[in-house]
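The values are calculated or read from the model by the stated rules, or taken from the named source; none is laboratory data. Note that this is a predicted model, so its numbers are computed, not measured. Here the Cβ positions follow ideal geometry from the backbone for every residue, glycine too, while neighbour counts run over all protein chains shown.
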Amino acid sequence: MAERFIRCQLCGIPHPADVRECPIHRKPIVAAARVDARPSAPPSMPPPPLPARVVTPPPLPSARALPSPAALIGKLLAGRYRVTGVIAAGGMGVVYDGLQVALGRRVAIKCLHPRYATDASAIARFQNEAMVSGSFGHPHIVEVFDLGWLDDERSPFLVMERLDGETLGHRLQREKRLGPGLVVTLARQVLSALVATHARGILHRDLKPDNVYLVATHDGGVRAKVLDFGLSKAMARGDASMRLTRTGIVMGTPAYMSPEQATGEPDLDARVDLYSLGMILYECLTGRLPYAARTPAALMIEIRRMRPPPPRLVRPEVPAALDAAVMKALAPDRAHRFGDALEMQRCLAALAHLDDDDEPTTFHAPRTDASPVAEPENEGVQVFARKV
């Protein structure tokens, strides 16, 4: 029997019919047209008719039908965690401000939207994040303390350490680019997290500025914390229980995705995360991403046909050694990248002396409170590269 596909109305790419969420932009697939995997009929013959009965997935509930994020405020979850406010709301769930009552400790509580409560893949990624982030206790990985279920016994929630600060993505929106010294500091901290996770055979697969959180330290510096291991995956010889996607299904954020990950190659290794980190460093140094594509397909064409201009061509004050390290991490052929996170970390350690004469290396976290503030959901069609 020919395999059935469903074409996403937002990105125009066909995906297997049993996939409810587009792996490109992580939005529920809205059926546009179904395509058949069998070869097309010869021109002289009429195309084969579609089956008389085509099963269309039931529409997802509208945003208005979903409970308000404020509905949980004041509630006691699992008899231990009091919800005190909303930190952020997005397409997949809501992050709440909370209090661990017995210890008087502030925590962050991440809840999956009820509309994904029956999505086995979404729940598996949620549980995977708890399993990975809760097993390290690493200073540069956000820590997960607990995993529980809401009163409906279908919607899971995570209890995580409460971080006061902002994501690297938010800082780049505000400052556009960072000083080379600060970029090296952040990169070495993220690499420290990758050394630990890769040593256990775990790939992150979705490194991007929004998944790097910046926290102010007592001495006025900055500490990076890697977030969201929901898409993490065991390497080829790792724990089979962590393989949450089938071969050929692309997961991640296209703008920061390595060519081999974007094309769905099955034998991914640690170098996919190094490529993503290289793209983050490029953006931090230049204030832009090297490609200007507006769709995933166009992005792949640009990556295959064009080499990105070195950061020094965009920003001449970038040190040559740092420029070379970024370009090595971004090599399209993974054989030409750093062999592993430890090798890249050692390379950047030689640049630890860099100072930013014209830009501060200290970090001042923006003021935060527990008042309900919801971030707008991402648009269905993303711009996969920023222009200057």
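Taking first residues from segment 173-202 that are free of Cβ contacts under 8 Å to residues at least 40 places away in the same chain and partners that are surrounded by fewer than 20 Cβ atoms within 10 Å (Cβ to Cβ), the Cβ contacts under 6 Å between residues at least 6 apart in sequence or on separate chains come to Gly201/Ala234; Gly201/Met235; Gly201/Gly238. Of the residues making up segment 163-191, just one is part of a loop (DSSP other than H, G, I, E, B), basic (Lys, Arg) and buried (at least 17 other Cβ atoms within 10 Å of the Cβ), namely Arg177. Look at (1) surrounded by 20 or more Cβ atoms within 10 Å (Cβ to Cβ); (2) in a loop (DSSP other than H, G, I, E, B); (3) small (Gly, Ala, Ser) and you find that Ala102 fails only one, number (1). Yes or no: segment 245-263 includes at least one residue that is under 21 Å from Arg174 (Cα atoms), at pLDDT 80 or above and either in contact with a Leu (Cβ under 9 Å, 6 or more places away or on another chain) or assigned to a loop (DSSP other than H, G, I, E, B) (or both). Within segment 245-263, one or more residues are under 21 Å from Arg174 (Cα atoms), at pLDDT 80 or above and either in contact with a Leu (Cβ under 9 Å, 6 or more places away or on another chain) or assigned to a loop (DSSP other than H, G, I, E, B) (or both). Of all residues in segment 187-219, those satisfying the criterion of being under 17 Å from the mean Cα position of the chain (by Cα) and closer than 27 Å to Val314 by Cα are Ala187, Val190, Leu191, Asp206, Leu207, Lys208, Pro209, Asp210, Asn211, Val212, Tyr213, Leu214. Of all residues in segment 297-316, exactly one satisfies the criterion of being in a loop (DSSP other than H, G, I, E, B) and in contact with a Gly (Cβ under 9 Å, 6 or more places away or on another chain), namely Arg315.
Residues that are of a type in the set (A, V, I, L, M), in contact with a strand residue (DSSP E or B) (Cβ under 8 Å, 6 or more places away or on another chain) and not in a loop (DSSP other than H, G, I, E, B) within segment 195-222 comprise Ala196, Ile202, Leu203, Val212, Leu214, Val215, Ala216, Val222, listed in sequence order. When restricted to residues that are farther than 13 Å from Leu351 by Cβ and out of contact with any Leu (no Cβ under 7 Å at 6 or more places or on another chain), segment 296-327 contains 20.
Quick check on my filter: what residues within segment 266-288 are surrounded by fewer than 21 Cβ atoms within 10 Å (Cβ to Cβ) and in contact with a Gly (Cβ under 9 Å, 6 or more places away or on another chain)?
Looking only at segment 266-288, we keep the residues that are surrounded by fewer than 21 Cβ atoms within 10 Å (Cβ to Cβ), and these are 266-269, 287-288.
Passing the criteria: only Pro266.
The residue that is farthest from the chain's Cα centre (by Cα), counting only those in segment 273-319 that are without any contact (Cβ under 8 Å) to a residue 12 or more places away in the chain and under 22 Å from Gln173 (Cα atoms), is Pro316. For segment 141-155, the criterion of a residue being part of a strand (DSSP E or B), crowded, with 18+ Cβ neighbours inside 10 Å and aliphatic (A, V, I, L, M) is satisfied by at least one position.
Test Ser133 against the stated conditions and say whether it is of a type in the set (Gly, Ala, Ser), within 23 Å of Gln100 (Cβ to Cβ) and in contact with a Pro (Cβ under 7 Å, 6 or more places away or on another chain). Answer is no for this residue.
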